[in-house]
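**Q** Dropping the structure in here first, questions after.
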Number of protein chains: 2
Amino acid sequence: MHIQVDRPATLLKPLFVPQKLLMGPGPSNCPPRVLHAMSLPVLGHLHPECCSIMDEVKAGIQYAFQTKNALTLAVSTSGHGGMEASMSNLIESGNTVLIAVHGIWGQRAANMAQRYGADVRTINIPAGEYFCMKAIEAGLSQHRPVLFFITQGESSTGVHQPIEQLGLLCHKYNCLLVVDAVASLGGVPVYMDEWEIDVLYTGSQKVLGAPPGLAPISFSPRAIAKIESRTIPVPVFYWDMKILGDYWACFGKPRVYHHTIPVSLLYGLREALAIFVEEGINKCIARHQMCAKRLHNGLEKLGLEFFVEKEEARLPTVTTIKVPRGLDWRVIQKYAMKTYCLEISGGLGPTVGKVIRIGLMGYNATLEKVDLTLKVLQEALLHARRPHTNL
Amino acid sequence: MHIQVDRPATLLKPLFVPQKLLMGPGPSNCPPRVLHAMSLPVLGHLHPECCSIMDEVKAGIQYAFQTKNALTLAVSTSGHGGMEASMSNLIESGNTVLIAVHGIWGQRAANMAQRYGADVRTINIPAGEYFCMKAIEAGLSQHRPVLFFITQGESSTGVHQPIEQLGLLCHKYNCLLVVDAVASLGGVPVYMDEWEIDVLYTGSQKVLGAPPGLAPISFSPRAIAKIESRTIPVPVFYWDMKILGDYWACFGKPRVYHHTIPVSLLYGLREALAIFVEEGINKCIARHQMCAKRLHNGLEKLGLEFFVEKEEARLPTVTTIKVPRGLDWRVIQKYAMKTYCLEISGGLGPTVGKVIRIGLMGYNATLEKVDLTLKVLQEALLHARRPHTNL
């Protein structure tokens, strides 16, 4: 009588996970050392060995972000949760916030800020461009926001937004600076303390090369002061940095239980950070830039056009090229996947149907993989140009 | 000049993860098949193979919950996030909600509901007891809430709360029933559809035996109607079931990108559900009850006293015993860990310092592990009773 739902037959078959080469905008492939770590035995969320790994991950994030911020940790969530954690901790209902919208991530941040009751103002430019300081200062001066949000690596458009002067500018207007570096960290420079960034977050599954599921994040003393000054609690327990910070031993107090950390993902991120630390930030950035240069040269030789016109604004980690006139991007994507198990992606948000996106991230940012991707793309374009090619 | 934070030396050493036997209230040990799956290559969050695995996981959760609900999925979060997702989707600011507080989980749910602007009322009983129908009906009748929250397996007290009549009762009062089955699902019966539960969630890391990081959850048509009737959006994008449900293809529409799913955890949960399905619900519950009986008999033979007085209210998955007079629970716990790498736990929330908690979950619910735990506990008690025993 009780059993009304039968055993699903699909679960009686073996799990099927193919090996692919992920040359899209992320997730990227994980190094074998990272994948191996994921299969290690589970530890309790307050076991001393787990806490040591949390400390190591924290130190690795501080290095990757170039910050001495005490409130530095990995939130148990995707990159989206990094954005949520920034918004929910810093916004109180009625606060004015300014969002730079130059792709999907600004739109998403505006959506989240609205849900938290903010008075959301935006500055906007067309997809493929970046904001100049003047436009940002005009926005800050006009709207007087408590928080300014901007994406450094706009993975939907392939734009690398300059941010090094923004902290100083925001602080002149008594405004906190939140930077989304999900798709850029490790591929371009980000110096959190030197550039006076108040909240910086990234994803585990991009340049760092860990599986998705953790969002490294850090809050400056200014950002902490804003959290401390709140008159109502952070609306979401799961994102509450005061408690989560205590779980990560960021405030010098004994650790408290906040949630059960996904410890396997922590192992993976720990190993990914160890690899990152062994290589060093500058070498890692140089490698991404060298690979991007080779890729960009190769794309030009194939007669392809960049979506981002200004060369200096092209993100090394995510390259966007215009879909050649008369071709269907889905045919190109499908050919690469079917024939080579190689992922290249279409557009996202404002670039859907308009671009092909090629990612160069972490373990996949090597000259060999660039050359392979160019070869596959060349074949895929030939295939797509043939008459009567079907999806 | 830019590099101001040096490479952390701790990350240049190898990762250290010891093998432990987790006989606490969770996480429990994962079967080798689950751990192996965690190390499989990462897939993109919208790759067809990933979507197939999501479908398999959904079917497995529907079976485990005994529900035909379309809106059934795993939220990318710990069990805490399952609680958050229930609260944030069903509560609109100003709604009256009733929370049954008989341990830490009711307290936590009340805390979350308050953050979402609910008018929170509680019914309370001492730790170690369970609510009778009369008390619950009195609460519903007095407070007329839109939502009633109760924990089936109170892991902080070891109480198994009867819930089979609650759906009918709540619906009589036009109230939705939310059940936390994080520590109970698979160890005691839960029949979501038959018992008219409106939201049911659990954790991946308890009886199911996957690593922590995913929270299986399901919403009834009544719960969906409440979500559909909202006048303001769900305050948290990450928990928004209308978008997340589309990502999981719950509403018959094309999948949309909501966040990057922690695909490695999905592999682990898929394999854990496959093992659960192969064994079957009834056999799994019977195994947990058989092991709990053996454990309880053994504990009595050791002269230990149960924290939960009524025998029928003792949770098979988490057993709480009173710390014997004059002994320090930390000495007992430490002895077991140091000498046998075996975890037994202290109390949590209202039971801190008062109880020792022994978990029997999933892969660890075997007669052999029960006997080993009893043997280790006996030794640990002897050790703790010796004079001059230090922590």
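Values quoted throughout were computed directly from the atomic coordinates according to the rules given, and no laboratory measurement underlies them. These numbers come from a predicted model, not from an experiment. Every residue, glycine among them, receives a Cβ derived from its backbone with ideal geometry; neighbour counts consider all protein chains shown.
**Q** By how many nm would the segment from residue A:232 to residue A:378 grow when fully extended, if each residue of separation counts as 0.36 nm and the alpha-carbon distance is taken off?
**A** This chain segment gains 46.9 nm when fully extended.
**Q** For a 28 Å ceiling on Cα separation, which of these pairs sit above it: B:20/B:293; A:206/A:322; A:253/B:13; A:226/B:242; A:283/A:310; A:68/A:172?
**A** Distance filter (> 28 Å) returns A:226/B:242.
**Q** Which distance in nm do the two modelled labels at residue A:138 and residue B:309 give, with both placed 7 Å along the Cα-to-Cβ direction?
**A** According to this spin-label approximation, the distance is 7.5 nm.
**Q** Another one. Could you tell me the largest-minus-smallest coordinate of the C-alpha atoms of the range A:216-340 on each of the three principal axes, in descending order and whole angstroms?
**A** Principal extents (Cα only, largest first): 59, 36, 33 Å.
**Q** Hey, what's the Cα Rg ratio for the protein assembly as shown versus the globular rule of thumb, 2.2 N^0.38 Å?
**A** Output field value: 0.95.
**Q** Tell me, rounded to the nearest percent, the portion of alpha carbon pairs in the range A:32-277 spaced more than 25 Å apart.
**A** Cα-Cα pairs of the range A:32-277 separated by over 25 Å account for 38 percent.
**Q** What is the distance in Å between the Cα centroid of the range B:78-142 and that of the range A:138-214?
**A** First find each Cα centre; the distance between them is then 38 Å.
**Q** Would you please state which residues of the range A:1-21 a label at residue B:68 would reach in this model, taking the label point 7 Å out along Cα→Cβ and a backbone N cut-off of under 11 Å?
**A** A:4-6
**Q** With springs only between Cα atoms under 10 Å, which of B:339, B:122, B:202 fluctuates most in a Gaussian network model of chain B?
**A** B:339
**Q** At a Förster radius of 56 Å, what calculated FRET efficiency corresponds to the Cβ-Cβ distance of residue B:55 and residue A:172, to the nearest 0.05?
**A** 0.60
**Q** Another question about this same structure. Using a simple spin-label model with points 7 Å from Cα along the Cα→Cβ vector, what separation in nm is obtained for residue A:385 and residue B:33?
**A** The modelled label-to-label distance comes out at 5.0 nm.
**Q** Right, here's the next one. Return the single residue from B:317, B:366, B:157 with maximal mean-square fluctuation; model: Gaussian network over chain B, springs between Cα atoms under 10 Å.
**A** Highest fluctuation of the listed residues: B:366.
**Q** Would any residue of the range B:44-59 have its amide N under 16 Å from a label point 7 Å out along Cα→Cβ of residue A:341? List them or say none.
**A** What the label zone holds, given the 16 Å backbone N cut-off, is B:44, B:47-50.
**Q** Return the Rg/Rh value of the range B:211-250, two decimal places, where both radii are evaluated on C-alpha atoms and Rh is the Kirkwood radius.
**A** 0.99
**Q** Please report, to one decimal in angstroms, the Kirkwood hydrodynamic radius of the range A:176-222 built from all distinct Cα-Cα pairs.
**A** For the range A:176-222, inverting the mean 1/r across all distinct Cα pairs yields 11.0 Å.
**Q** Ok, one more. Filter the DSSP H helices in chain B by two things, a Kyte-Doolittle mean of at least -1.0 and an axial alpha-carbon span of 20 angstrom or more, and list the hits by number.
**A** The qualifying helices are B:48-65, B:263-279, B:281-301, B:367-385.
**Q** Given R₀ = 35 Å, FRET efficiency for residue B:352-residue B:2 by Cβ-Cβ distance, to 0.05?
**A** Efficiency at R0 = 35 Å is approximately 0.15.
**Q** Something else: If I build a Gaussian network model for chain B, linking alpha-carbon pairs within less than 10 angstrom, which residue out of B:93, B:220, B:229 has the largest mean-square fluctuation?
**A** B:229
**Q** Still on this structure: To the nearest 0.05, what FRET efficiency results for residue A:93 and residue A:256 with a Förster distance of 22 Å applied to their C-beta separation?
**A** So, using R0 = 22 Å, E works out to roughly 0.25.
**Q** Right, another one. For chain A, what does the helix formula give at 222 nm: sum of -39500 (n - 2.57) over DSSP H segments with n ≥ 4, over the residue count, nearest 500 deg cm²/dmol?
**A** -12000 deg cm²/dmol
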